[in-house]
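Colleague: The structure that follows is given in the form of structure tokens.
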Amino acid sequence: MAAPSLARYKRIVIKIGSALLVDRGSGLKQAWLDAMCADIAGLKAKGVDVLVVSSGAIAMGRTVLDLPSGALKLEESQAAAAVGQIALARAWTHSLSHDNIVAGQILLTLGDTEERRRYLNARATINQLLKLGAVPIINENDTVATTEIRYGDNDRLAARVATMTGADLLVLLSDIDGLYTAPPHLDPEARFLDTIAAITPEIEAMAGGAASELSRGGMRTKIDAGKIATGAGCAMIIASGKPEHPLRAIEDGARCSLFAASGTPVTARKTWIAGQLQPAGSLHVDAGAVTALATGKSLLPAGVRSVVGQFERGDTVAIIGPEGREIARGLASYDAVEARQITGRKSGEIEAILGYAGRAAMVHRDDMVTTILRVQEEKDATHA
């Protein structure tokens, strides 16, 4: 694979893992950060918008507070984040200022990208920072996020930022240089994959676990991030961040894995739907419904076999095919109680069952993003 030219992209989101930025013993890796900021300045000089999703707040905070190694309690993590976020923002501001670049801090919780109004507000703030020439430094707000309402990793957060801001490239920098057919530290026969045309079930099966104490993410979360980003028309690169100039290293031919963007990026509204991390429930459908969705039709009650979870009208639900794989995601036209009442019934029966004339579709095609077409493209490519 030829070395990717980052300057050809218009807007790039760069995610930086904790282990790259913070040493467990000595704290911030200042020389690495300065080199990274020089790379960012080089891209900005070529007209590229750059956003950074920076891990490291908890890692920096636990170093400053001299907390012991190993897992932290929730309140300890939040305290470490409170201290570390200040130190992290100061570090980015200082290093970017060497090239007269202003940093702007954005702290997000899961709800800021899951709820439509907050999503739009966050997007507007980030876009305004970019318009003013600043580099947004984005992190999860670990001081208030709890286990139940957090991203749990910054890979998926970076993918959500990439989709909400219309980025055309997401770069995940970590302590691994790309995707292998198996975890290389466990399987010496593992092969490196430099180009991934589509994220198939086989690709998903190759993901391993987390490899660093300072990082909550592993290859699994990177593949999840890739599904969000590529489905929205944003390419993704997984590369090692260990070199002092990691972005320059990519352009100079350092090994990395490039995930191609979908050829049919969805609209802004559907981008938000597709990227929802926590569907409120799921609709399990039959083979006939799968065929109908593949041709761009809405999901009718007749094709639904069971309803799982408790959700309200307008909530995001996953649509699951007969083989147990998610094939689409969309906004429910009915709450869970009503959905169960009309499951398997014809649309013409809805009024008699519910007592009012609701929508004919359980999930309308305008409120749905399917993965079926990409699955079919993957099969066609395999047999070509």
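The values are calculated or read from the model by the stated rules, or taken from the named source; none is laboratory data. These numbers come from a predicted model, not from an experiment. Quick reminder, even Gly has a Cβ in these numbers, built from the backbone with ideal geometry, and neighbours come from all protein chains shown.
Colleague: Residues that are among the β-branched types (Val, Ile, Thr) and touching a residue at least 12 places away in the same chain (Cβ under 8 Å): list the strands (runs of 3 or more DSSP E) wholly contained in segment 274-343 that include at least 2 such residues.
Modeller: In segment 274-343, 304-309, 316-320 are the strands (runs of 3 or more DSSP E) which contain 2 or more residues that are among the β-branched types (Val, Ile, Thr) and touching a residue at least 12 places away in the same chain (Cβ under 8 Å).
Colleague: Regarding residue 146, is this residue of a type outside the set (D, E, K, R), surrounded by fewer than 24 Cβ atoms within 10 Å (Cβ to Cβ), under 21 Å from the mean Cα position of the chain (by Cα) and at pLDDT below 85?
Modeller: yes
Colleague: What are the residues in segment 286-303 that are within 28 Å of the chain's Cα centre (by Cα) and surrounded by fewer than 12 Cβ atoms within 10 Å (Cβ to Cβ), if any?
Modeller: Passing the criteria: 295, 296.
Colleague: Going through segment 23-33 one residue at a time, which ones are surrounded by fewer than 17 Cβ atoms within 10 Å (Cβ to Cβ) and charged (D, E, K, R)?
Modeller: The answer is 23, 24.
Colleague: Restricting attention to segment 82-135, report how many residues are in contact with a Gly (Cβ under 8 Å, 6 or more places away or on another chain) and at pLDDT 85 or above.
Modeller: 11
Colleague: Sticking with this structure for a sec: Take the conditions in a helix (DSSP H, G or I) and at pLDDT 90 or above and apply them to residue 161. Does it pass?
Modeller: Details: in a helix (DSSP H, G or I): yes; at pLDDT 90 or above: yes.
So residue 161 fits the description; yes.
Colleague: If I filter segment 332-369 down to residues being in contact with a strand residue (DSSP E or B) (Cβ under 6 Å, 6 or more places away or on another chain) and under 23 Å from residue 228 (Cα atoms), which single residue comes out as surrounded by the fewest Cβ atoms within 10 Å (Cβ to Cβ)?
Modeller: Here the residue is 367.
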